[in-house]
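Right, one structure below, let's go through it.
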Amino acid sequence: MSDETRITAYRDGPLVVRGPFRLEDQDGGEIDPGREVVALCRCGRSRIRPFCDGSHKLVRFSAPSTREDRRIAARPAD
Ligand code: FES
């Protein structure tokens, strides 16, 4: 296994983290993932956050695998 950490954004799904990492809460407390590869929820509907439990499928979460660009076009001046 590589020493490089890789985070993959899956289309309509979680962020999967592979490689060495430490997962913490905002106070620095370690969150033990219990495994080497983890899927982190990005739909917000998991019952085991921060981990994905597959709920993104039930709620039909939609997000691209690539960077999302939702910038709003500037309105023309009056
Ligand atoms: S991304 Fe899978 S439950 Fe949220």
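So which pairs qualify, if the first residue must be in region 17-29 and closer than 13 Å to Pro50 by Cβ, the second must be open to solvent by less than 30 Å² (accessible area, probe 1.4 Å), the Cβ gap must be under 6 Å, and the two must be at least 6 apart or on different chains?
Note: pairs meeting the criteria are Val17/Val38.
Could you list all residues from region 48-62 that are part of a loop (DSSP other than H, G, I, E, B) and within 14 Å of Val16 (Cα to Cα)?
Of everything in region 48-62, those that are part of a loop (DSSP other than H, G, I, E, B) and within 14 Å of Val16 (Cα to Cα) turn out to be Arg49, Pro50, Cys52, Asp53, Gly54.
Out of curiosity, is Phe61 at pLDDT 95 or above, touching an Asp or Glu at 6+ places or on another chain (Cβ under 8 Å) and among the aromatic types (Phe, Trp, Tyr)?
Yes: the conditions hold for Phe61.
Would you point out which residue out of Arg71, Arg45, Arg22, Arg11 is modelled with pLDDT under 95 and either open to solvent by 100 Å² or more (accessible area, probe 1.4 Å) or part of a loop (DSSP other than H, G, I, E, B) (or both)?
Checking each option against the conditions leaves just Arg71.
Where the second residue is assigned to a loop (DSSP other than H, G, I, E, B) and open to solvent by 30 Å² or more (accessible area, probe 1.4 Å) and the first is among the aliphatic types (A, V, I, L, M) and within 14 Å of the ligand (Cβ to nearest atom) and lies in region 32-44, which pairs have Cβ atoms under 7 Å and are six or more apart or on separate chains?
Ala39/Cys52; Leu40/Pro50; Leu40/Cys52
Would you check which residues across region 42-69 are out of contact with any Leu (no Cβ under 8 Å at 6 or more places or on another chain) and either among the hydrophobic types (A, V, I, L, M, F, W, C) or farther than 21 Å from Thr8 by Cβ (or both) and list them?
Passing the criteria: Cys43, Arg47, Ile48, Leu58, Val59, Phe61, Ala63.
For region 25-42, enumerate the residues that are among the charged types (D, E, K, R) and not in a loop (DSSP other than H, G, I, E, B).
The one that is among the charged types (D, E, K, R) and not in a loop (DSSP other than H, G, I, E, B): Glu30.
Output yes when any residue across region 28-39 is surrounded by 12 or more Cβ atoms within 10 Å (Cβ to Cβ) and either of a type in the set (Asp, Glu) or touching a Pro at 6+ places or on another chain (Cβ under 8 Å) (or both), and no when none is.
Scanning region 28-39 turns up at least one residue that is surrounded by 12 or more Cβ atoms within 10 Å (Cβ to Cβ) and either of a type in the set (Asp, Glu) or touching a Pro at 6+ places or on another chain (Cβ under 8 Å) (or both).
The values are calculated or read from the model by the stated rules, or taken from the named source; none is laboratory data. This structure is a prediction, so every number in the text was calculated from the model and none was measured. Note that we place each Cβ from the backbone using ideal geometry, even for glycine, and neighbour counts take in every protein chain shown. Just so you know, the surface numbers come from the protein's heavy atoms only, side chains and all, with ligands and any DNA or RNA stripped out. Shrake-Rupley method; radii C 1.70, N 1.55, O 1.52, S 1.80 Å.
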